[in-house]
Amino acid sequence: MSILERLQLAQHKAEVLVEALPWIREFAGQTIVVKYGGNAMVNDELKQAFVHDVMFFHHVGLRPVIVHGGGPQINAMLDRLNITSEFRGGLRVTTPEAMDVVRMVLTGQVQRDLVSLINREAPYAVGLSGEDAGLLTARKRRIVIDGESIDLGQVGDIHEVNPASILDLLDAGRIPVVSTIATDVDGDGILNVNADTAAAAIAASLGATKLLMLTDVEGLYLDWPNTDSLVSDVTAEQVRELLPKLDAGMRPKMEAALYAIDAGVHAAHIIDGRMAHSMLLEIFTNAGVGTLVTKDKA
């Protein structure tokens, strides 16, 4: 590379930093919650890019909180142990035997791997389970199929979030990494909670400025599979109208985004986790790479 080419490259980098400055100034000191999942969780290059994005957030003064799922890892371990899963209405019925695996994988594998990966860069990450210090409580979830109420086993919906332990870590300059195992508020052991809805509830409890949800699509499509129907921004009211039409994969994310916005979170972002550094592009550049959900216009 010639001297001129190096100078042009350096100038471009400087322009990117200058472009990011207004957003860095605006968001400094504010809390953001990131739901980590999808391809970004299983691809090594994307995992490293995710860690670099989180470290960037931390070092420019944001307060990131990571909430993770682990569906592919749970499925792989259940298969290895020959534990079969029944699905009702598209949802896994979680038996006590399967719950042992879910708990082991989420808090003992996925969370440990992520905490270790972050701490290779700098020792900031601390793992938490929803069981720790009463962080998450939940109630068993039931669904109705053909008029019959179906027990999904140890699957729960968030009852309450006690964010004190997360706030303690944030105030100490740490990066909390939360796995979504919750204590059953009715005293019946532990429950597995959908990571999208848990992230939204945690964001609301913290008064977060933003909820970022990584997924395996470019964003929200108004008319899937028409790729021309991708939207860069949408209001909460538009989301309410769209929900009945959304597929099973996108609906929980948009329900979580809507919950967060209704609870006072300023913005929710559906971001393509298959693109390296997509979170930085969405928040700190003019381009944006996902779908932004905001409150209804006055």
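No value in this document is a laboratory result; all are computed from the given coordinates. Since the model is a prediction, treat every value here as computed from it, not as a measurement. Positions of Cβ are generated from backbone atoms using ideal geometry, with glycine treated the same way; all protein chains shown enter the neighbour counts.
In this label model, Val18 and Glu237 are separated by 4.0 nm, measuring between points 7 Å along each Cα→Cβ vector.
Residues Val178, Val93, Val239, ranked from the fewest to the most other C-beta atoms within 10 Å, line up as Val93, Val239, Val178.
How large is the charge dipole for the stretch 1-95, taken about the Cα centre, if only the Cβ atoms of Lys, Arg (+1) and Asp, Glu (-1) carry charge, to the nearest 20 debye?
Numbers: 9 positive and 9 negative charges, 63 e Å.
The dipole of the stretch 1-95 has a size of about 300 debye.
Reducing the stretch 153-167 and the stretch 89-129 to their Cα centroids gives an inter-centroid distance of 15 Å. Stokes-Einstein diffusion for the chain, with the hydrodynamic radius set to the Kirkwood value over Cα pairs and evaluated at 10 °C in a medium of 1.306 mPa s, equals 79 µm²/s.
Here the sum of -39500 (n - 2.57) over DSSP H runs of 4 or more residues, divided by the residues of the chain, equals -12000 deg cm²/dmol at 222 nm, to the nearest 500. Using equal-weight Cα scatterers in the Debye expression, the normalised intensity of the stretch 1-133 in log10 at q = 0.17 Å⁻¹ is -1.01. The charge dipole of the stretch 141-193, taken about its Cα centre with unit charges on the Cβ of Lys, Arg, Asp and Glu (plus for the first two, minus for the last two), comes to roughly 260 debye.
Between Phe56, Phe284, Phe87, the GNM of the chain built on Cα springs shorter than 10 angstrom shows Phe87 fluctuating the most.
Take every Cα pair under 8 Å whose residues are at least 6 apart in sequence, average their separation, divide by the length of the chain, and the relative contact order is 21 percent. Taking the longest Cα principal axis of the chain as reference, the axis of helix 96-105 is set at about 20 degrees.
How large is the charge dipole for the chain, taken about the Cα centre, if only the Cβ atoms of Lys, Arg (+1) and Asp, Glu (-1) carry charge, to the nearest 20 debye?
Numbers: 25 positive and 39 negative charges, 99 e Å.
Taking the Cα centre of the chain as origin, the dipole is about 480 debye.
In the stretch 204-298, how many lysine pairs have Cα atoms under 18 Å apart, counting only pairs 8 or more places apart or on different chains?
Final tally of qualifying lysine pairs is 5.
Among beta bridges from DSSP that stay inside the stretch 127-268, the antiparallel ones total about 60%. By the count of neighbouring beta-carbon atoms within 10 Å, fewest first, Met1, Met99 end up ordered Met1, Met99. In order along the stretch 179-191, phi translates into HN-Hα couplings of 9, 9, 9, 10, 7, 5, 5, 8, x, 10, x, 10, 9 Hz, rounded to whole numbers, per the Karplus curve 6.51 cos²θ - 1.76 cosθ + 1.60 with θ = phi - 60° and x for Gly and Pro. Cβ-to-Cβ counts within 10 Å put Asp296, Asp233 in ascending order as Asp296, Asp233, the fewest first.
For the stretch 1-155, the share of DSSP beta bridges that are antiparallel, to the nearest 5, is 50%.
Karplus-derived 3J(HN,Hα) values for the stretch 120-127, using 6.51 cos²θ - 1.76 cosθ + 1.60 with θ = phi - 60°, are 5, 7, 6, x, 10, 7, 10, x Hz; glycine and proline are entered as x. Going by alpha carbons, how many degrees (0 to 90, nearest 10) lie between the helix axis of 3-27 and the longest principal axis of the chain? In the chain, helix 3-27 runs at an angle near 50 degrees to the longest axis. How tilted is helix 71-80 with respect to the longest principal axis of the chain? Cα atoms for both, answer in degrees (0 to 90, nearest 10). In the chain, helix 71-80 runs at an angle near 50 degrees to the longest axis.
How big is the antiparallel share of DSSP beta bridges in the chain, given as a percent to the nearest 5? Here the share of antiparallel DSSP bridges comes out near 40 percent.
What is the Cα centroid distance between the stretch 182-260 and the stretch 3-56, reported in whole angstrom? First find each Cα centre; the distance between them is then 23 Å.
Taking 14 Å as the straight-line reach from the Cα of Lys13, the aspartates and glutamates in range (excluding those fewer than 8 positions away in the same chain) are Glu5. The amide H of Ile175, built 1.01 Å from its N in the peptide plane, has Ala125, Val126 as neighbours under 5 Å, considering only residues 5 or more places off or on other chains.
Could you give me D for the stretch 154-298, from Stokes-Einstein at 25 °C and 0.890 mPa s, where the hydrodynamic radius is the Kirkwood radius over C-alpha pairs? Units µm² s⁻¹, please. Diffusion coefficient, whole number: 152 µm²/s.
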